[in-house]
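The values are calculated or read from the model by the stated rules, or taken from the named source; none is laboratory data. Nothing here was measured: the structure is a model prediction, and the numbers come from that model. Neighbour counts are summed over all protein chains in view; Cβ atoms, including those assigned to glycine, are modelled from backbone coordinates with ideal geometry.
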């Protein structure tokens with residue numbers, strides 16, 4: 001935000017006026033604070049009594065005397081205020097201030113999320129904010145007022161609005177949006193305080209600007225150590241403190257425990273290290289559960305805690321990476337699906353129905369690598385998870401058709417689904433007409449095959465019983481897996497030494513059946529498929545496409561300012577993106593990019609946001625989210641290009657996808 | 001042996017189905033990986049379901065093509081095991097020399113195989129992770145120096161080293177006595193160093209009765225011997241060949 005001197009000057013002007021005016025109603029304000037905070041009541045007692053005389057003295061007077069004195073205007077508000085303060089001490093501060101100026105309450109707490117307002121910076125330093133959601137804030141609001149916005153953090157929740165009103169309040173602004181944006185400015189000054197950070201993470205949609213700088217400040221060094229193992233605590237507990245310190249440095253934790261408090265899975269640290277925390281979490285959750293008021297999430301020490309309760313299981317995500325609740329919930333959902341995939345729902349339910357204190361670690365034995373692979377994917381940032389969509393290998397439509405036909409022709413009777421997957425990207429799929437494949441199921445499979453190394457490392461062919469919860473969470477299917485190396489040298493017929501390659505790029509043939517005896521049938525089919533694909537040249541096409549990798553953004557749109565984009569086709573539940581090269585080669589750069597995508601995604605998916613285009617500017621980048629009924633597009637460019645250039649590139653991406661649609665996506669697929 | 005096999009007229013080749021059973025994390029997949037690829041991975045992730053691999057084993061008068069089912073050891077996969085051992089001619093029941101519960105589990109598997117698998121099944125009891133015991137370094141050396149006596153020597157060492165307070169929890173004697181009682185082949189192996197791995201498979205190949213071979217034409221070498229003593233003898237004979245074969249690969 002280098003060029004907003006003009007803006008901030010305007011801001012301070014506004015701020016001053018606001019402060020000046022706010023002096024006038026200050027007595028009721030002081031009164032509100034004093035009367036509703038129990039702890040501080042004693043110390044500010046004098047002030048309270050003095051200020052409150054109208055209220056406290058009036059209530060008895062109204063009862064005992066019949067004098068026809070007309071009630072003072074603020075009285076009703078004050079009475080309400082007292083009642084509110086009684087039932088909820090925690091929120092009394094905010095409520096009191098709200099009620100202290102009842103005529104403002106409606107404006108200040110209008111449920112405007114910050115995502116409704118967008119700031120645009122121009123090269124020449126001028127800026128404007130426009131309301132993207134015309135329904136809540138008319139776009140005709142004077143831009144001058146918004147010019148003062150530096151940080152968006154303050155926008156959104158009513159809590160901010162209220163606490164901010166202590167410091168400054170501008171009665172001149174008529175609309176909620178205006179008030180909030182100004183408050184945001186004021187709050188921006190104090191955003192460095194721990195208390196502020198605590199507050200800010202409570203919002204559904206974290207601010208992209210901030211999270212990027214936030215990453216800059218703190219995560220840079222530590223993120224590289226995010227995946228380091230934490231060693232076990234020594235028997236004598238000598239290194240416990242040190243290990244605990246390392247544990248606390250992790251930016252993201254996943255915990256799974258049973259409702260009886262038994263640990264089931266945790267990404268970092270061993271049992272001895274974190275048993276205390278498990279106990280605390282379980283206590284907190286069950287406290288709310290006992291009150292029939294399920295705890296969904298809370299913020300503490302800059303970390304967002306999101307809790308998902310699934311039958312007998314509690315799943316907890318703890319993140320300092322700035323994802324919002326909905327996004328963390330999707331991740332927890334995936335971990336839960338992995339557990340279901342191992343056990344099936346009836347087994348899981350029975351285990352706990354028979355014995356509430358069941359230790360689920362035993363039945364889940366051996367699946368920690370799968371859960372950890374998922375967890376680490378989420379920590380690194382995963383476009384498929386964010387978008388809940390699949391990525392396909394880009395090949396020509398006719399080429400894909402040949403592969404589909406090959407699968408259909410060689411299909412055996414017991415086959416349910418047949419897939420060809422190349423390094424996590426779908427090449428081809430055949431399925432029965434009446435069954436589709438759920439993306440979350442495929443995510444579990446891809447995670448097992450391409451992220452966790454267990455299956456690939458074993459070599460040979462695999463026969464894996466698994467439950468695909470999206471397909472049927474009550475029973476197992478059986479998956480035949482065979483890898484074919486994508487490297488050129490392995491092109492010759494490789495019978496027995498198929499497993500020798502340790503290459504990254506692998507092509508997997510997955511054949512799924514409902515019959516557990518059908519291994520040899522599917523094996524025969526696999527041999528036929530590979531043989532045919534070799535013969536009709538498809539295998540070399542796939543290998544070439546895998547080796548070529550994703551095109552860069554500039555390959556797709558020559559000369560574009562875009563560094564990266566995600567395009568999700570809603571109808572196909574698929575997405576496409578360019579290579580991370582050359583701008584996002586390091587893990588940290590990728591994490592930042594994904595954080596930005598998460599923020600954009602959160603903004604356009606906020607509950608009450610109906611915006612179509614969301615534009616973000618930060619120190620490192622400008623970015624754009626564009627949502628239509630057909631697609632979602634998220635674009636990121638460097639900090640310098642103009643908004644117009646970004647918009648043009650976005651248009652070109654959409655044109656490119658439209659042109660290449662049948663290459664980057666699998667449309668229809670092959671059914672039998 | 002391996003060299004001459006190339007020049008000689010093709011020996012009769014037969015396939016033998018083999019299943020690996022045993023508690024989780026005793027090293028079943030590592031044994032297979034060592035046998036098939038002559039490779040070892042530290043901290044290998046657990047097998048999910050089962051892996052199917054093939055490997056040829058060259059004997060003096062015939063070639064055996066092993067079709068190996070490497071099963072996952074976790075409890076929840078136990079119900080699938082019959083599918084894998086039903087038609088198997090041989091089984092490797094593996095335990096971890098450093099983990100007493102794994103031998104208990106191994107005995108369960110042996111009992112189940114004897115009850116439910118096909119009657120003539122050749123079962124080998126294998127104590128793995130010899131490298132974690134004190135005698136590992138000496139045992140690892142023996143194949144290269146004294147090929148023919150390596151196994152016996154290694155086991156003597158094992159007996160001697162027992163009191164030295166290493167990670168070993170199950171004595172060689174305990175394992176061998178149980179194997180003799182039940183009429184099983186018996187080996188102590190290290191998938192990490194490779195000690196005795198080829199020998200196990202060769203011994204199994206030799207122990208498969210001639211009559212079970214679909215296409216066998218030559219005489220059986222160690223035909224039908226299922227006692228531990230018999231296996232020991234076979235093992236000693238085959239040792240040199242196993243080592244050579246390893247080099248040729």
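Summary of values
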{"quantity": "From the options A:524, A:503, A:570, residue that is at pLDDT 90 or above and in contact with a strand residue (DSSP E or B) (Cβ under 7 Å, 6 or more places away or on another chain)", "calculated": "A:570"}
{"quantity": "Residue count, segment B:16-39 (criterion: within 12 Å of another protein chain (Cβ to nearest Cβ), in contact with a helix residue (DSSP H, G or I) (Cβ under 7 Å, 6 or more places away or on another chain) and farther than 22 Å from residue B:58 by Cα)", "calculated": "1"}
{"quantity": "Cβ pairs under 6 Å, 6+ apart, first in segment B:155-176 and farther than 23 Å from residue B:106 by Cα, second at pLDDT 50 or above", "calculated": "B:157/B:135; B:161/B:134; B:161/B:135; B:164/B:134"}
{"quantity": "Index of the failed condition, residue B:98 passing every other in (1) touching a residue at least 40 places away in the same chain (Cβ under 8 Å); (2) within 13 Å of chain A (Cβ to nearest Cβ)", "calculated": "(2)"}
{"quantity": "Unique match (being within 30 Å of residue A:436 (Cβ to Cβ), surrounded by 22 or more Cβ atoms within 10 Å (Cβ to Cβ) and at pLDDT below 90) among A:606, A:602, A:670", "calculated": "A:606"}
{"quantity": "Failed item, numbered, when residue A:662 is tested on (1) crowded, with 16+ Cβ neighbours inside 10 Å; (2) modelled with pLDDT of 90 or more; (3) within 30 Å of residue A:406 (Cα to Cα); (4) touching a helix residue (DSSP H, G or I) at 6+ places or on another chain (Cβ under 6 Å)", "calculated": "(1)"}
{"quantity": "Helices (runs of 4 or more DSSP H) (entirely within segment A:306-422) containing at least 2 residues that are under 20 Å from residue A:445 (Cβ atoms) and away from chain B (no Cβ under 14 Å)", "calculated": "A:325-343, A:368-380, A:383-387, A:397-410"}
{"quantity": "All helices (runs of 4 or more DSSP H) inside segment B:94-175 with 3 or more residues being modelled with pLDDT under 50 and either on the phi > 0 side of the Ramachandran plot or surrounded by 15 or more Cβ atoms within 10 Å (Cβ to Cβ) (or both)", "calculated": "B:136-145, B:150-161"}
{"quantity": "Listing of helices (runs of 4 or more DSSP H) fully contained in segment A:530-610 that carry 3 or more residues being touching a helix residue (DSSP H, G or I) at 6+ places or on another chain (Cβ under 9 Å)", "calculated": "A:538-548, A:587-605"}
{"quantity": "Residue in segment B:23-34 that is touching a strand residue (DSSP E or B) at 6+ places or on another chain (Cβ under 9 Å) and surrounded by fewer than 20 Cβ atoms within 10 Å (Cβ to Cβ) present", "calculated": "yes"}
{"quantity": "Leading residue by the ranking (surrounded by the fewest Cβ atoms within 10 Å (Cβ to Cβ)) among those in segment A:623-640 that are part of a strand (DSSP E or B) and in contact (Cβ under 8 Å) with a residue 60 or more places away in the chain", "calculated": "A:631"}
{"quantity": "Restricting segment A:452-476 to residues that are more than 11 Å from chain B (Cβ to nearest Cβ) and surrounded by fewer than 20 Cβ atoms within 10 Å (Cβ to Cβ), the residue that is farthest from the chain's Cα centre (by Cα)", "calculated": "A:475"}
{"quantity": "Qualifying residues in segment B:71-85 (those that are more than 7 Å from chain A (Cβ to nearest Cβ) and touching a strand residue (DSSP E or B) at 6+ places or on another chain (Cβ under 7 Å)) - the one farthest from residue A:523 (Cα to Cα)", "calculated": "B:73"}
{"quantity": "Filtered residue count, segment B:12-22, keeping only those that are surrounded by fewer than 24 Cβ atoms within 10 Å (Cβ to Cβ) and part of a strand (DSSP E or B)", "calculated": "5"}
{"quantity": "Residue match in segment B:41-64 (condition: surrounded by 23 or more Cβ atoms within 10 Å (Cβ to Cβ), within 14 Å of chain A (Cβ to nearest Cβ) and touching a residue at least 60 places away in the same chain (Cβ under 8 Å))", "calculated": "yes"}
{"quantity": "Residue under evaluation residue A:520, criteria (1) under 30 Å from the mean Cα position of the chain (by Cα); (2) closer than 30 Å to residue A:429 by Cβ; (3) not in a loop (DSSP other than H, G, I, E, B), criterion not met", "calculated": "(1)"}
{"quantity": "Subset of segment A:641-661 [within 17 Å of residue A:571 (Cβ to Cβ) and outside any helix (DSSP H, G or I)]", "calculated": "none"}
{"quantity": "Conditions (1) at negative phi; (2) more than 14 Å from chain B (Cβ to nearest Cβ); (3) in contact with a strand residue (DSSP E or B) (Cβ under 9 Å, 6 or more places away or on another chain); (4) in contact (Cβ under 8 Å) with a residue 60 or more places away in the chain; number of the one not met by residue A:578", "calculated": "(4)"}
{"quantity": "Residue A:437 outside any strand (DSSP E or B), in contact with a helix residue (DSSP H, G or I) (Cβ under 6 Å, 6 or more places away or on another chain) and at pLDDT below 95", "calculated": "no"}
{"quantity": "Residues being in contact with a strand residue (DSSP E or B) (Cβ under 8 Å, 6 or more places away or on another chain) and part of a helix (DSSP H, G or I) - total across segment A:445-466", "calculated": "8"}
{"quantity": "Flag for residue A:326 being modelled with pLDDT under 90 and surrounded by fewer than 19 Cβ atoms within 10 Å (Cβ to Cβ)", "calculated": "no"}
{"quantity": "Out of A:245, A:301, A:291, sole residue that is modelled with pLDDT under 90, under 30 Å from residue A:600 (Cα atoms) and surrounded by fewer than 21 Cβ atoms within 10 Å (Cβ to Cβ)", "calculated": "A:301"}
